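To start, the structure itself, in structure tokens.
The values are calculated or read from the model by the stated rules, or taken from the named source; none is laboratory data. Note that this is a predicted model, so its numbers are computed, not measured. Glycine also receives a Cβ, built like all others from the backbone with ideal geometry; neighbour counts cover every protein chain displayed. To get the accessible areas, we keep the full protein, side chains included, count just its heavy atoms, and leave off ligands, DNA and RNA. Shrake-Rupley method; radii C 1.70, N 1.55, O 1.52, S 1.80 Å.
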Amino acid sequence: MHVVVDIRLRPWGHQHRKMNANADKVDKARAEERKNKGLETEVYCKSLYWPERGVFFSLPINCMGLGSGTCSSCNTVKDHNEKYNFTVNSSKSSFVYKETEYSVHDYIYVSPHRFATERVGHETFKGGRNVGLKAFAICQLLEIVVPKAPKQPDNSSTEVKVRRFYRPEDISDVKVYCSDIREVYYSEVTHTLLVEAIEGRCEVRKKSDLPSCDAPTIYEHMFFCECLYDPHKGSLKQLPPNIKLRFSAAKGASDSLRKNKGKCIKGENDLGAEKSKENCLATLDIFAGCGGLSEGLQQSGTKSNGQWERGRT
């Protein structure tokens, strides 16, 4: 059965919302009229839907119905698959997953659901959409375990052995409120996980190795470790000197930060502050509490140090 699909273009933008809404009403009225008359249903396409993101986009009319014998959607899928191709190097010391290279001794984010059985029943939450949400677990990549030949390695069969670093919330509720948000704890606990569990890269260093510039923002994906945690005994102690926190093998911004550790040219702090101010939100706080939300937004660089009005209830 052949169906004729009409391609309809519609302008995007807030200024066109009223016009588009009126056009939708006309379409619905026309469809209802044709249905009452027993006529064939008209089919049309006016948007591109992306199910992975749950959003609509404008139609790519420049590559639709060209009559070239090739499918632009198939080519897009093929390019996407090649872009996210999983490869392991010959020495089995690194691999590429979702366009990111991971090497042995790198620090990685792991889906928190892989450790969801820990401390079950100890959480207390207020009502809201964030109930039960957890931050990524932080681990160190120790070994890459690829399947034996003739099976080809892929992200659903290749495994990695990792060392678990614990966050304060993994230890106790008290630790959450008295610890730095960037602090993690070394452990001797290891796990073997599929590569699919990896969510991204991060850095773990000693606190003295963190950048010293006091810009009003927290360096993303960078944590520090000064203590060793024993989950079996529930004890915390100073990190032994024989345990060295290795820097990641990948080169990038972390290398420049390491090279300039402890050094900060006069004015760099001001420069960082000025850059952060460019992205600050213009806000006026009217609150009835202690101002914790406002203080957090200010420390993160999201808002500037503006006027506060304390309300009363």
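Condition first: acidic (Asp, Glu), at pLDDT 90 or above and open to solvent by 50 Å² or more (accessible area, probe 1.4 Å). Now tell me which residues in the range 77-111 satisfy that.
Answer for the range 77-111, where residues must be acidic (Asp, Glu), at pLDDT 90 or above and open to solvent by 50 Å² or more (accessible area, probe 1.4 Å): just GLU101.
Being open to solvent by 60 Å² or more (accessible area, probe 1.4 Å), in contact with a strand residue (DSSP E or B) (Cβ under 7 Å, 6 or more places away or on another chain) and under 30 Å from TYR102 (Cα atoms), is that true of even one residue in the range 43-50?
yes
Kindly establish whether ARG114 is of a type in the set (Lys, Arg), surrounded by 14 or more Cβ atoms within 10 Å (Cβ to Cβ) and modelled with pLDDT of 85 or more.
no
Looking only at the range 237-244, decide whether some residue is over 24 Å from VAL145 (Cβ atoms), touching a helix residue (DSSP H, G or I) at 6+ places or on another chain (Cβ under 9 Å) and modelled with pLDDT under 90.
The answer is no, given that none of the residues of the range 237-244 is over 24 Å from VAL145 (Cβ atoms), touching a helix residue (DSSP H, G or I) at 6+ places or on another chain (Cβ under 9 Å) and modelled with pLDDT under 90.
Taking into account only those residues within the range 137-181 that are part of a loop (DSSP other than H, G, I, E, B) and among the polar types (S, T, N, Q), which is surrounded by the most Cβ atoms within 10 Å (Cβ to Cβ)?
THR158
Name every residue in the range 182-209 that is among the hydroxyl-bearing types (Ser, Thr, Tyr), farther than 30 Å from GLN299 by Cβ and outside any strand (DSSP E or B), in order of residue number.
Once the filter is applied, which keeps residues that are among the hydroxyl-bearing types (Ser, Thr, Tyr), farther than 30 Å from GLN299 by Cβ and outside any strand (DSSP E or B), the range 182-209 yields nothing.
Evaluate the range 28-39: report whether one residue or more is of a type in the set (A, V, I, L, M, F, W, C), farther than 30 Å from GLU159 by Cβ and surrounded by 11 or more Cβ atoms within 10 Å (Cβ to Cβ).
yes
Go through (1) modelled with pLDDT under 75; (2) more than 22 Å from VAL4 (Cβ to Cβ) one by one and return the number of the condition GLY69 breaks.
Of the numbered conditions (1) modelled with pLDDT under 75; (2) more than 22 Å from VAL4 (Cβ to Cβ), the odd one out for GLY69 is (2).
Report every pair of residues separated by at least 6 positions or lying on different chains whose Cβ atoms are under 7 Å apart, first residue within the range 1-15 and farther than 16 Å from GLU42 by Cβ, second hydroxyl-bearing (Ser, Thr, Tyr) and open to solvent by less than 70 Å² (accessible area, probe 1.4 Å).
TRP12/SER58
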